[in-house]
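A.B. asks: I'd like to ask you about the structure that follows.
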Amino acid sequence: MMLYFRHLLILVICLLPINECRKHRTREKRWTRSVETEKRGTSLMKKPPDVTKARKLKTEHLLRVEDHDFTMRPAFGGPAIPVGVDVQVESLDSISEVDMDFTMTLYLRHYWKDERLSFASTTNKSMTFDGRLVKKIWVPDVFFVHSKRSFIHDTTTDNIMLRVYPDGHVLYSMRVTVTAACNMDFSRFPLDTQTCSLELESYAYTDEDLMLYWKNGDESLSTDDRISLSQFLIQKFHTTSRLAFYSSTGWYNRLYINFTLRRHIFFFLLQTYFPATLMVMLSWVSFWIDRRAVPARVSLGITTVLTMSTIITGVNASMPRVSYIKAVDIYLWVSFVFVFLSVLEYAAVNYLSTVQDRRERKLRDRVRSQSLSCTCGLSHTRTMILDGMYGEADANSLAGYTAAPTVPEEEPEKQEHMVVHLSVSNASTAAKKKGIRHFSIIQNTHVIDKYSRIIFPGSYIFFNLIYWSVYC
C-alpha cells in the first residue's frame, strides 16, 4: 500500500513541469499574436510619436533658446541682417478729415534668418508657435511712423504667429490695427484727391544693423477687393522705400504703404451745392415782385441770407480749421454774395423810389401853386392826366396851364395821378392840339429790377462755368 502511494507521488511530480511548459508556450503564442496585431495597427494608422511627451524635446531644448543670448541681433558684429516685409491689408476702416488721420487693419509679416533657431529635422518641416515664444527670442523692432494709436488684436488669444524652419528661417506674423496721421490738402475739397502713407521703420537698428526691405517688391502688398469707403474711391495701393535720417542716431530703412483716395462728389452735390444754388435762384424771385411790396421782398431776402449762412456753418463744422480757402468755400461764399446783393438791390430800389416820390410831391405842389396864379384870361380848359412818375422837363412845359386837383386825396389807389386842367385860348388851342393831346407816364417797375433780372442770372451762370471747368 505504501508502495502504491510512492509511485503516485512520483508521477504527479513528473507531470507538473510538463503542465507549466504548456502554459508557457500558450502565453508566448498569445504575446506573439498581440505584438503582431499592434504592428499591423501601427503600420495602418502610421501615428507619429508625440514629441511633446518627451522631456528632452521640449521647445526650449529643441531650439536651444537657453543656450543663446537673444537680446543681440543675429550675426551681431557682422553685416546688416536682411528683414523682408510683406503686408496684407484687411480693411481701411475710416478716414477723418477733422483729425487728419486714417485707420487701417492689416496682417504684418516679417521674414529673416536666425541660425541660432535652426534644429535637426528628418522631414524638413517647420514648427509653428504662438506669441509666448516671441518674448524669448529676437524679433525685429518695427514700428509705425506717425502713428497715433495701434494695437495687436487679442481675441480670442493674441493674434501672433511664429513659424521656425529647420535651417533657421523665421516667419513672424501679427494682426494689427493702426491709426496714423495723413497730411491732407483741402484746397480742392470736396473735389479733391488725397494720398496717404503708412510708414514702417526699425526703432533701434540703423541700416548698418538691419536692412528692412519689401520681400517681393510691389507684390509684397496685397489688398482685399471688397475694401470700400463711403466717401472715397480707393484708386491705387503701391509700395516704396527710402532712407530716413535722424541727426542724433543716423540712417534708417523706411518702408511706405501708399494709397490714393478720390472723394465721391455726389453726396456734396445733394447736401451743399444744390441747396446753395436753389437759394441763389430763390433770391432772384424778388426782382419780379412789385417794388412797393416791401414785406414780401424783405422777408424773402432775409430768409435766403440766413439759409446760406446755415449751409456754410454746417460745412465748416465737419472740416478742420485750415488757414486757406477751400473749393467749397469759394462756391458758397460767392453764392452768399449773390444772395446778399439781391437784398442790397432792393434796398437801392426802395431808396431811389422814396427819393423820386419826394421829388414828385414837390413838383406837384409847384405846379398847383403856379396854376392858381395864372388862371385869368383863358377861355376854356382841357384836362391832362399825369402819372406820378413824370419829370421836371415835362412839368416845366406845362407851366402856363392851370392845374387843379380833381382826384380826392383820400383815395389811395389814385394818389399817384393828378388831373391838370389846361386853360388855353382859342388862338393857341390849335397849335397845342398836335403837341400835347393826352399822355400818361406809367412806370410801376424800377429800371434796376429790369437790369437785375438779366445781370444776376447771367453772372451766376458764368461763375459756375468757370468754377466747374477749373475744379473738375
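The values are calculated or read from the model by the stated rules, or taken from the named source; none is laboratory data. This one's a predicted model, so the numbers in the text were calculated from it and none came from an experiment. Note: ideal-geometry Cβ built from the backbone for every residue, glycine included; neighbour counts use all protein chains shown. Note: accessible area is taken over every heavy atom of the protein model, side chains too, but ligands, DNA and RNA are not part of it. Shrake-Rupley method; radii C 1.70, N 1.55, O 1.52, S 1.80 Å.
A.B. asks: From the residues in segment 196-225 that are assigned to a strand (DSSP E or B) and of a type in the set (D, E, K, R), which one is farthest from Tyr111 (Cα to Cα)? Please lay out each step first, then the result.
C.D. replies: Taking segment 196-225 as the starting set, the residues that turn out to be assigned to a strand (DSSP E or B) are 196-202, 210-214, 221-223.
This time we only want the ones that are of a type in the set (D, E, K, R), so: 199, 201.
Numbers: Glu199: 18, Glu201: 15 Å.
Looking at the filtered set, the residue picked out is Glu199.
A.B. asks: Then there is this: How many of the residues in segment 146-172 are within 19 Å of Ser202 (Cα to Cα) and of a type in the set (Lys, Arg)?
C.D. replies: 2
A.B. asks: Right, something else. Which residue is surrounded by the most Cβ atoms within 10 Å (Cβ to Cβ), if the candidates are limited to segment 276-299 and must be out of contact with any Lys or Arg (no Cβ under 9 Å at 6 or more places or on another chain) and among the small types (Gly, Ala, Ser)?
C.D. replies: Ser283
A.B. asks: Could you go through segment 252-264 and let me know if any residue there is open to solvent by 50 Å² or more (accessible area, probe 1.4 Å) and closer than 30 Å to Glu219 by Cβ. If you could, list the steps in order and put the result at the bottom.
C.D. replies: Step one: of segment 252-264, the residues open to solvent by 50 Å² or more (accessible area, probe 1.4 Å) are 262, 264.
Now narrow it down to the ones that are closer than 30 Å to Glu219 by Cβ: 262, 264.
Taking every residue of segment 252-264 in turn, at least one turns out to be open to solvent by 50 Å² or more (accessible area, probe 1.4 Å) and closer than 30 Å to Glu219 by Cβ.
A.B. asks: OK, next. Could you list all residues from segment 300-316 that are of a type in the set (Ser, Thr, Tyr) and either open to solvent by less than 50 Å² (accessible area, probe 1.4 Å) or over 18 Å from Ala347 (Cβ atoms) (or both)?
C.D. replies: Thr304, Thr307, Ser309, Thr310, Thr313
A.B. asks: Test Thr195 against the stated conditions and say whether it is open to solvent by 60 Å² or more (accessible area, probe 1.4 Å), under 16 Å from Phe102 (Cβ atoms) and of a type in the set (Ser, Thr, Tyr).
C.D. replies: yes
A.B. asks: Given the structure, is Tyr273 open to solvent by less than 20 Å² (accessible area, probe 1.4 Å) and touching a Ser or Thr at 6+ places or on another chain (Cβ under 8 Å)?
C.D. replies: When the stated conditions are applied, Tyr273 does not pass them.
A.B. asks: Inspect segment 229-250 for any residue being small (Gly, Ala, Ser) and crowded, with 17+ Cβ neighbours inside 10 Å and give the result as yes or no.
C.D. replies: First pass over segment 229-250, keeping only residues small (Gly, Ala, Ser): 230, 241, 244, 247-248, 250.
Add one more test, that the residue is crowded, with 17+ Cβ neighbours inside 10 Å, and what stays is none.
Scanning segment 229-250 turns up no residue that is small (Gly, Ala, Ser) and crowded, with 17+ Cβ neighbours inside 10 Å.
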